[in-house]
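**Q** Submitted below is the structure of interest, expressed as structure tokens.
The values are calculated or read from the model by the stated rules, or taken from the named source; none is laboratory data. Note that this is a predicted model, so its numbers are computed, not measured. Cβ placement follows ideal geometry from the backbone for every residue including glycine, while neighbour counts extend to all protein chains displayed. Heavy atoms of the whole protein, side chains included, go into the accessibility calculation; ligands, DNA and RNA do not. Shrake-Rupley method; radii C 1.70, N 1.55, O 1.52, S 1.80 Å.
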Amino acid sequence: MMTFLGLDLAVWWFLVVGAVFTGYAVLDGFDLGAGAVHLLLRKEESRRIALNAIGPVWDGNEVWLVIGGGTLFAGFPVVYGTVFSAFYVPFMLFLVALIFRAISIEFRSKEPMAWWRSLWDGSYSVASVVIALSLGVVLGNLIQGLPVGADREFHGNWLTFLNPYALLVGATTAALFAQHGAVYLLLKTENRLFARLTLIVRQTLRVFTGLYLLLSAATLWHVPHMLTVFRAQPWLFAVPLLTLALVLSIGRLIRRRRYFAAFLCSGSIAALLLLTVAAGLFPVLVRSTLNPAWNLTIYNSASSEKSLGIMLTIAAIGIPLVATYTGFVFWVFRGKVRLDEASY
């Protein structure tokens with residue numbers, strides 16, 4: 001296979017897909033987290049401020065999900081077909097939740113009645129939690145493997161996904177996003193709402209830390225194949241150790257009022273957790289629990305070399321442009337939220 005800077009094109013495309021999905025987890029993660037803790041904000045003004053904190057960026061952050069799906073299809077069409085057919089029910093639930101989250105944000109301010117706004121507040125929060133759980137359940141099943149046959153088809157049913165390990169990954173993902181979103185809201189609020197969010201950050205951080213430690217133990221016991229590459233390359237243990245250090249440092253940074261540093265740590269945790277998963281699975285993309293010979297890897301499921309080369313050039317141009325636009329939006333809407341006539 002052709003190489004670029006010493007790496008196969010399939011490896012480069014694996015890195016591209018991983019980077020895009022990591023960008024989505026970090027960016028839309030705090031949007032989903034803000035939605036997950038939304039009902040913990042009791043006052044009308046507090047909920048409006050929280051909505052307007054993500055108002056300018058939430059739909060732009062979802063662009064990374066679209067790019068992620070496109071890069072997966074372009075680079076590894078076999079994996080795209082197998083995964084999306086296997087996870088049809090979870091993905092449909094995920095899409096319905098995405099729709100309800102969007103319309104909840106937009107519809108909430110259209111009417112002044114308290115029951116109307118409470119209805120969409122509940123819809124927004126529930127949809128955010130369901131999205132986070134769905135993403136985590138999909139990731140958990142990919143980590144432990146799927147019943148994929150020699151025909152590259154999924155040989156299971158939708159109940160296959162609802163196993164304890166995948167549900168634990170889903171709960172941990174939801175908790176991670178909740179504390180990530182709460183830290184983000186700290187950057188955008190002040191006064192009493194700020195004080196309330198400080199308490200919420202501590203609560204969500206405790207929940208996530210407990211689930212993270214439980215998930216780490218469950219992974220060591222239930223999916224030992226994730227350790228194979230780490231035993232072969234001991235220096236990779238620096239990644240999970242750094243992740244744990246960042247988890248433990250968030251509370252200290254909050255106490256020192258270094259909120260932006262805490263937000264960077266929170267986003268880095270999401271990125272490092274995905275990096276740990278990628279390192280543990282590489283070069284496998286979908287592990288078959290029926291027969292290791294039927295694993296879908298970056299080599300037996302990739303597009304042609306010519307396609308990978310052309311698309312890698314396009315990705316090298318397009319993804320930095322999207323990243324630049326994302327950074328520009330955050331720069332324009334930096335600072336504390338101020339409500340006005342145009343606010344949600």
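**Q** Accessible surface of L275 in the full protein assembly, 1.4 angstrom probe, to the nearest 10 Å²?
**A** That residue has around 90 Å² of solvent-accessible surface.
**Q** Related question: Using the Cβ atoms and a cut-off under 13 Å, what net charge is assigned to the surroundings of D31, where Lys and Arg are +1 and Asp and Glu are -1?
**A** Result for the local shell: -1.
**Q** Moving on to the next point. Starting at the first residue of the stretch 308-318, write each ³J(HN,Hα) from the Karplus equation 6.51 cos²θ - 1.76 cosθ + 1.60 with θ = phi - 60°, in whole Hz, x for Gly and Pro.
**A** Ordered by residue, 3J(HN,Hα) equals 4, x, 5, 5, 5, 5, 5, 5, 5, 8, x Hz.
**Q** For the stretch 1-109, which GluC sites (Glu not before Pro) are in a loop by DSSP, counting at most 11 other Cβ atoms within 10 Å?
**A** Here no GluC sites (Glu not before Pro) fit, given the DSSP loop and packing criteria.
**Q** H155's amide H: which non-local residues (gap 5+, or another chain) put their own amide H closer than 5 Å, with H modeled 1.01 Å from N in plane and none for Pro or chain starts?
**A** V148, G149
**Q** Along the charge dipole of the stretch 6-72, pointing to its positive end and built from +1/-1 on Cβ of Lys, Arg, Asp and Glu, which listed residue (L41, A10, G55) has its Cα farthest out?
**A** The one lying farthest along the dipole's positive direction is L41.
**Q** Can you find, among V239, A97, L142, the residue farthest towards the positive end of the dipole of the chain? Put +1 on the C-beta of Lys and Arg, -1 on that of Asp and Glu.
**A** V239
**Q** Would you mind working out the accessible area per residue for the stretch 223-330, using a 1.4 Å probe, and quoting it in Å²?
**A** 54
**Q** Length gain on complete extension for the stretch L321 to D340, per 0.36 nm per residue less the alpha carbon to alpha carbon distance?
**A** Once the chain is fully extended between L321 and D340, it gains 3.7 nm.
**Q** What accessible area, in Å² to the nearest ten, does a 1.4 Å probe give for R196?
**A** Rounded to the nearest 10, that gives 60 Å².
**Q** Right, here's the next one. Hey, can you grab everything whose amide H is under 5 Å from the amide H of N295? Only 5+ residues off in sequence or another chain; H modelled, so Pro and N-termini drop out.
**A** Residues meeting the criterion, in which the H sits 1.01 Å from N, are S288.
**Q** Give me a comma-separated list of calculated 3J(HN,Hα) values for the stretch 41-47, in order, Karplus coefficients 6.51, -1.76, 1.60 applied at θ = phi - 60°, integers in Hz, x for any Gly or Pro.
**A** Residue by residue, the stretch 41-47 yields 8, 8, 8, 4, 5, 5, 5 Hz.
**Q** Where the Cα atoms of the stretch 89-163 are projected onto their three principal axes, how long is each span, largest first, in whole Å?
**A** For the stretch 89-163, the Cα extents along the three principal axes come out at 57, 19, 16 Å.
**Q** Give me the aspartates and glutamates in straight-line cross-link reach of K43: C-alpha distance below 15 Å, same-chain residues under 8 apart excluded.
**A** D121, E190
**Q** In the stretch 9-332, carbon and sulfur make up what percent of the accessible area (probe 1.4 Å)?
**A** 72
**Q** A further question on this structure: Just reorder K336, K188, K43, K306 by solvent-accessible area, largest first, 1.4 Å probe, all chains present.
**A** Listed by decreasing accessible area, they come as K306, K43, K336, K188.
**Q** Using each residue's phi in the stretch 77-94, evaluate 6.51 cos²θ - 1.76 cosθ + 1.60 at θ = phi - 60° and report the 3J(HN,Hα) Karplus result to the nearest Hz, with x for Gly and Pro.
**A** Couplings: x, 5, 5, 4, x, 5, 5, 6, 6, 5, 9, 4, 5, x, 5, 5, 4, 4 Hz.
**Q** Using the heavy atoms of the protein chains alone and a 1.4 angstrom probe, what is the accessible area of the stretch 1-101 per residue in square angstrom?
**A** 40
**Q** Looking at (i) 33, 57, 10, 0; (ii) 30, 58, 13, 0; (iii) 24, 48, 25, 3, 0, which value of P(r) over Cα pairs in 20 Å bins from 0, in percent comes from a calculation on the structure shown?
**A** (ii)
**Q** How tilted is helix 259-281 with respect to the longest principal axis of the chain? Cα atoms for both, answer in degrees (0 to 90, nearest 10).
**A** Result, in degrees: 20.
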